[in-house]
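Q: Have a look at this one.
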Amino acid sequence: MSNLEFFFYLFVYASILTYLVLGFIISFEAMLLLNEVPSAIEWVRKWHKASGFKTMLIIFLPMLQLSYLFLEWLPHIAGFNEHLSPFDLDKIFLTAFPKGGV
């Protein structure tokens with residue numbers, strides 16, 4: 001294995017792991033916003049700008065859908081949750097930034 005190949009694999013694996021870790025964090029924040037948790041709303045308003053948060057919601061959409069599956073839909077099907085919040089990106093964003101980020 002040459003140095004170029006090593007650094008290529010290092011870059012690829014580091015990019016994938018970074019996407020997974022950041023996606024997990026953003027998706028967890030989004031699921032809390034979907035359920036309108038007040039401390040999550042404060043957290044997102046404090047640490048994110050509206051435009052940046054909207055961009056992250058779009059970039060990490062597969063992770064959001066996966067976390068919705070495991071944290072909302074499967075517990076509802078198994079009977080642990082009576083209330084199922086529908087997956088809605090607009091609701092997630094407008095919960096954190098009610099005026100559309102203005």
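Q: For log10 I(q)/I(0) by the Debye sum over Cα atoms at q = 0.14, 0.16, 0.19 Å⁻¹, the listed values are (1) -0.71, -0.81, -0.94; (2) -0.60, -0.72, -0.91; (3) -0.85, -1.08, -1.34; which was obtained by calculation from the structure presented?
A: Read-out taken from this structure: (2).
Q: Dipole size in debye (nearest 20) for the chain around its Cα centre, Lys and Arg Cβ +1, Asp and Glu Cβ -1?
A: Using Cβ point charges on Lys, Arg, Asp and Glu, the chain gives about 380 debye.
Q: What order, most packed first, do the peptides 90-96, 51-57 have when packing is the mean number of other Cβ atoms within 10 Å of each residue?
A: The densest-packed peptide leads the list: 90-96, 51-57.
Q: Figure the gain on full extension for Ile59 and Trp43 (residue separation times 0.36 nm, minus the Cα-Cα span) and round it to one decimal in nm. Could the numbers behind the result be given before it?
A: Details: separation 16, 0.36 × 16 = 5.76 nm, distance 1.98 nm.
This chain segment gains 3.8 nm when fully extended.
Q: For segment 1-82, what is the accessible area per residue in Å², given a 1.4 Å probe and the full set of protein chains? Kindly include the intermediate steps, with their values, before the conclusion.
A: On the way: 5930 Å² over 82 residues.
Solvent-accessible surface per residue comes out at 72 Å².
Q: Which peptide among 18-24, 3-9 comes first, and what is the full order, when sorted by highest mean count of other Cβ atoms within 10 Å?
A: 18-24, 3-9
Q: Okay, moving on. Please state the relative contact order of the chain as a whole percent: Cα pairs under 8 Å, 6+ residues apart?
A: 36 percent
Q: What is the percent carbon and sulfur in the accessible area of the chain, measuring with a 1.4 Å probe over the protein chains and ignoring ligands?
A: Taking all protein chains in place, the chain shows 71 percent carbon and sulfur surface.
The values are calculated or read from the model by the stated rules, or taken from the named source; none is laboratory data. None of the values given here were measured: they were computed from a predicted structure. A quick note on method: Cβ atoms are made from the backbone with ideal geometry, for glycine too, and the neighbour counts reach across all protein chains shown. Accessible surface areas use protein heavy atoms only, side chains included; no ligands, DNA or RNA. Shrake-Rupley method; radii C 1.70, N 1.55, O 1.52, S 1.80 Å.
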